[in-house]
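Here the structure comes first, spelled out in structure tokens, and everything after it is commentary.
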Amino acid sequence: MNRLKVIATSGIILFCLLMVRALLTKGYSWFFDSIFSILVIIFCFFYSEKLKLTKISFCLVIFALFLHNAGIFGFYGSSPVSLPWDHVTHFVGLFAVGIFFFNYFKNQINFNHLCSFSNFFILFIILLASLGIGSLIENIEFTGYLTLGNGEGVLMYGEGDGIIDIADTDMINIAGGGWFNAMRDLVVNLLGALLGILIMVLSEKLKIKFNKV
């Protein structure tokens, strides 16, 4: 059994366990989010060669999906870390996406002459592709809110999106709470993607340096 299969199998088992918890706690929205996560894992595994998926990027994708689904433990309402859980999931998610797109396009980059227009352009395209995924997620969330209303999970508007109780819904209309949340998410997306791309650039440069030694 190759390592990607082990990673995929482990990820599927993890989300199956989360599905069981969702049923036991009647958190049905998290049940469907876990199904979606499993479908993403299966897709990535079967198209891993075409996607140029590495073991690290695959693990990061699964980890990012897990962090979102960890909302089943109430983390969006009460984060276990000093940052809002929504920020954690967006940062790690776009960090993973940035690395994913970097690996896909890295053969187009000349790391021996990194400071060139063509290299900067490709890196900019990688950043835009990463942010495009983040923007797509925001559109999915907004569509879910329009059709399903308030609740938990990626398709509904809940604690991680700025709502704590019914009184807070009025503040969305008065102070633009939904806008603030969306823009914070996009800024965190940018920071996560930038860090992921920067780390990959530095790692490739270090590989070249040590290979020359």
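Only the coordinates and a few stated rules stand behind these numbers; no lab work does. Because the structure is a prediction, the values reported are computed rather than measured.
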Which pairs, out of Lys50/Lys209; Lys5/Lys50; Lys55/Lys207; Lys52/Lys205; Lys5/Lys209, put more than 24 Å between their alpha-carbon atoms? Lys50/Lys209; Lys5/Lys209
Percentage of Cα-Cα pair distances in the range 1-73 greater than 22 Å, rounded to whole percent? 21 percent
